[in-house]
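The structure appears below as structure tokens.
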Amino acid sequence: MIYRIVIILFCLSAELLSADFISSFREFSIKLYQDEEITFTENEKVNGWDRIFDLYIKLREFRLHKITCTGDLCDEIEIVTDDIEDGVIKGFSQYEKELLKASLYGSLAYVKSSDPSLGMFKNIRSSRKMFDKLNKKYRTADTGFGSALSEIAIGVYFNDSFWVKSVLGYKGNILKGLKQLDKIANEGDITKIEANLFLIEYFSLILKDHTSSLRYSKNLHEINPSSKYFAYIYARDLYHTGKITKAYLLFKAINEDPGEKFYGYQYDAIIYEARCLYIKGSIHEAEEVVSYAAKIHDGYILKKFKNEWVQSVLIRQEVVFRPQYQSNINLSLSTDELKRTAFVYFDHGFFRETARILETIKNTGTDIAILKFTTAVVMQNWNRAKLIFDENESDFENDPDRARLKILKILFQII
């Protein structure tokens, strides 16, 4: 999961591209995010732009786990890059050609990122150098976006890597990149969508901080309210910040019309709809949704939901629907009950309450140590985060979530 976001390097400029290409790309982008059928005009075919759009479609499919074999995709990226350089794909200015090449090198590194190698880091280095050169010359949202992504991707994902130290020679600057992306997410043009998508993944999937993610998912939903994918990530953030009724309406709308293609996030949306119904007390309707999910796939995710998550419904109802001004927490509960309550508070974005409960829980295992550490990072209590990590580093090394924990460690190290 943590490597996926480097896909955002595959973005195109709105300010310096030709007018025909701008309108072509914008129309294509709207249809893509709305899962509409995409056809190409004669002009797009003659110039070869359809090949770029086809590649963008495949990169999105890869991002949503529809494409699992990377060999053919890497070959296609390299062929398209060469054809842009050789003028086979035409209709671009020199700036446009350089921007596309920089983006494609970044995309190639993204696709190969599950298996870090010398070749992958050469692609990152090439992309970074091109974007830096473009940014100095043109200073557009898109060129700044590429540089920002490089800062974060290198700083977060490859901080301790041999290849970074030996091949790239720099570590990146996470905070600088985040600040640049926040500006683009609110003021950018075509890269505005991709900046929001990156920041959503960064905050919600790495930090587990849906409160910060919510402002960006709301942006995307407002940009394209017809996009089911944008509605899903917005509804997911609403759910994880305690806004159950509003989240339920969005999940329900997504699931009522699954469309011709069915993506993994749509199955996730069905499970989320059931969660919302259980929390709202609509047990019969929730069970109907669960039965529908079972007809699609009755696997590990659904079994875990039925066997574990459903047991937390009463606690979730108390947490989500309590008066928001009321912060009284029963700290006299048993240790097991406190643990369950702490996880529920964290899951719905009540971090201060989570921290209060965790203060009363002593020596209960790695899962609580991880929750304490993550809560401290989200609340930017860096000294506390460092203390918890240092005390539990050996246990964290053996945890399945160790990659994300190392990223969180990097955050408190750079503050």
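The values are calculated or read from the model by the stated rules, or taken from the named source; none is laboratory data. The model shown is predicted, which means the values in this text are computed figures rather than measured ones. Neighbour counts run over all protein chains shown; Cβ positions are idealised from the backbone, glycine included. Side chains are part of the model used for accessible areas, which takes the heavy atoms of the whole protein and leaves out ligands, DNA and RNA. Shrake-Rupley method; radii C 1.70, N 1.55, O 1.52, S 1.80 Å.
Here are a few things to note about the model shown:
- Gyration tensor (alpha-carbon) shape descriptor, the stretch 313-376, a/c threshold 1.5: prolate
- Surface analysis of the stretch 259-415 yields an accessible area of 55 Å² per residue, using protein heavy atoms and a 1.4 Å probe.
- For the residue pairs 192/252; 246/304; 280/362, the alpha carbons lie more than 29 Å apart in 280/362.
- 344, 88, reordered so the largest accessible area comes first (probe 1.4 Å): 88, 344
- Using the Cβ-Cβ distance between residue 86 and residue 300 with R0 = 56 Å, the FRET efficiency computed as 1/(1 + (r/R0)^6) comes to roughly 0.70.
- Three-way shape call for the stretch 36-85 based on the alpha-carbon gyration tensor, with the a/c threshold at 1.5: oblate
- In plain terms, the chain from residue 27 to residue 292 could stretch by 91.9 nm, reckoned as 0.36 nm per residue minus the Cα-Cα distance.
- Cross-link check: pairs 101/261; 129/218; 31/101; 176/208; 66/137 evaluated at a Cα-Cα cut-off of 27 Å; pairs beyond the cut-off: 101/261; 129/218; 66/137.
- Heavy-atom accessible area for residue 364, with the other protein chains in place and a 1.4 Å probe, reaches approximately 40 Å².
- In the stretch 169-232, the chymotrypsin sites (Phe, Trp or Tyr not before Pro) that fall in loop regions by DSSP, at most 14 other Cβ within 10 Å: 170
- Surface composition of the stretch 339-386: carbon plus sulfur atoms hold 45% of the accessible area, using a 1.4 angstrom probe and ignoring ligands, DNA and RNA.
- Charging the Cβ of each Asp and Glu at -1 and of each Lys and Arg at +1, and nothing else, the dipole of the stretch 265-415 about its Cα centre rounds to 320 debye.
- Packing, taken as the mean count of other beta carbons within 10 Å per residue, orders the peptides 374-383, 280-289 from highest to lowest as 374-383, 280-289.
- Reachable aspartates and glutamates, given that their alpha-carbon falls under 13 Å from the alpha-carbon of residue 183 and they are not under 8 places away in the same chain: 142, 194
- Anisotropy class of the stretch 246-307 from Cα gyration tensor, a/c 1.5 cut: oblate
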